[in-house]
Amino acid sequence: MPENANSVDLISHQVFNVLNGVGNVYAAILLGSCSRGEESYFVTEDGERQLLSDYEMIVVTKENRIPQQAEAGLRELRYNLRSRSKSPFFDLEWNYYWKRKLPFMDKRFINFEMKTAGKLICGDPKVFDLLPGITVENLNFAELDSIVNHRLYHVLKGFWGIDEHQKKYLIARNTLDITSVVLPFEGKLICSYEKRIEALPEKLCKGVFGDNIIERLNDYLEMKKDSLSAAYEKYCVDEMLELFLRDMYALYEYQKSNQMGKAFCQNKRLMLKGILIHFFPLMEASKIMSH
């Protein structure tokens, strides 16, 4: 088995082979840390370099139906990759999205990152032109409000059955999303952990998360990107876990005090549909909204 057996480039090549030429597939876009060049690798006992991060993507379809050939191929690829992987965290994940609905996607942070840093795996590069522009002014903050729960869940769920080194990685990776939540409240949308850490306001370092938060986040990013980083030796698991729980509590309190009507951005298209359905027969409303 070759070194880098499940690197991002190799998986992208395999996904391309599965999806390219499938009739109902318009494009496929790589998301997440793998698209931003912030993915995580580790070295197995036999010297093989394997991907720790999830490989996440969306498959854009020409028609509003799942392409069964693509689905079967992706499921088989996922099974093969996971059966060869020694990572407790790696997975191949995908969602389908109808091309016609792309301009009306919810203006969430994840979709901002997709438009800003997503990578084309296959299909028409014009797919990025169809994605909506997302700014702090129109951002749907609801997704950010759920991050505390998600980070707590991922750490507590994944904490059992893994070794100490992997526990440190898990905490480091999930702590980094502090910056994803905080900066939009501070009026900034930034699409990489490294740049978000640099942009973290000093007032939050001293007043919310503690004086050493920048140092810790930089160490954690290094630990995320390099499983052999010397930063792993700076922290013990118990200390990291205690700090993580404090961070999540501080993040929750920060969000609550800064909400100021930003819990969610109203979906105007959905509101319009509700009005039409109220005043017109259901069938007529459906016809109107399909145009």
Which ranges mark the helices (runs of 4 or more DSSP H) fully within region 79-167 that have 1 or more residues being within 28 Å of residue 244 (Cα to Cα) and among the hydroxyl-bearing types (Ser, Thr, Tyr)?
-> 147-158
Limited to region 257-270, what total is found for residues that are surrounded by 10 or more Cβ atoms within 10 Å (Cβ to Cβ) and either in a helix (DSSP H, G or I) or at pLDDT 90 or above (or both)?
-> 4
Quick check, is residue 120 under 26 Å from residue 190 (Cβ atoms), at pLDDT 95 or above and open to solvent by less than 80 Å² (accessible area, probe 1.4 Å)?
-> yes
Across (1) modelled with pLDDT under 95; (2) under 21 Å from residue 51 (Cα atoms); (3) open to solvent by 60 Å² or more (accessible area, probe 1.4 Å), residue 246 clears everything bar (2)
Among what's in region 20-51 and is in contact with a Gly (Cβ under 7 Å, 6 or more places away or on another chain), of a type outside the set (Ser, Thr, Tyr) and open to solvent by less than 20 Å² (accessible area, probe 1.4 Å), pick the residue that is nearest to residue 65 (Cα to Cα).
-> 25
Under 20 Å from the mean Cα position of the chain (by Cα) and at pLDDT 95 or above, is that true of residue 251?
-> no
Selection count, region 61-100, where residues are out of contact with any helix residue (DSSP H, G or I) (no Cβ under 8 Å at 6 or more places or on another chain), in contact (Cβ under 8 Å) with a residue 24 or more places away in the chain and among the aliphatic types (A, V, I, L, M) = 1
Given the conditions (1) open to solvent by 20 Å² or more (accessible area, probe 1.4 Å); (2) of a type in the set (Gly, Ala, Ser); (3) within 24 Å of residue 43 (Cβ to Cβ), every one holds for residue 229 apart from (1)
Matching residues in region 140-158 (more than 16 Å from the chain's Cα centre (by Cα) and in contact (Cβ under 8 Å) with a residue 24 or more places away in the chain) number 1
Scope region 74-87; condition under 11 Å from residue 50 (Cα atoms) and surrounded by 15 or more Cβ atoms within 10 Å (Cβ to Cβ); matching residues = 81, 85, 87
Taking region 168-194 as the search range and keeping residues that are in a loop (DSSP other than H, G, I, E, B) and of a type in the set (Gly, Ala, Ser), which one is surrounded by the fewest Cβ atoms within 10 Å (Cβ to Cβ)?
-> 187
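The values are calculated or read from the model by the stated rules, or taken from the named source; none is laboratory data. These numbers were taken from a predicted model, which means no experiment stands behind them. Cβ atoms come from the backbone with ideal geometry, glycine included; neighbour counts cover every protein chain shown. These area figures cover heavy atoms from the full protein model, side chains too; ligands, DNA and RNA do not enter into them. Shrake-Rupley method; radii C 1.70, N 1.55, O 1.52, S 1.80 Å.
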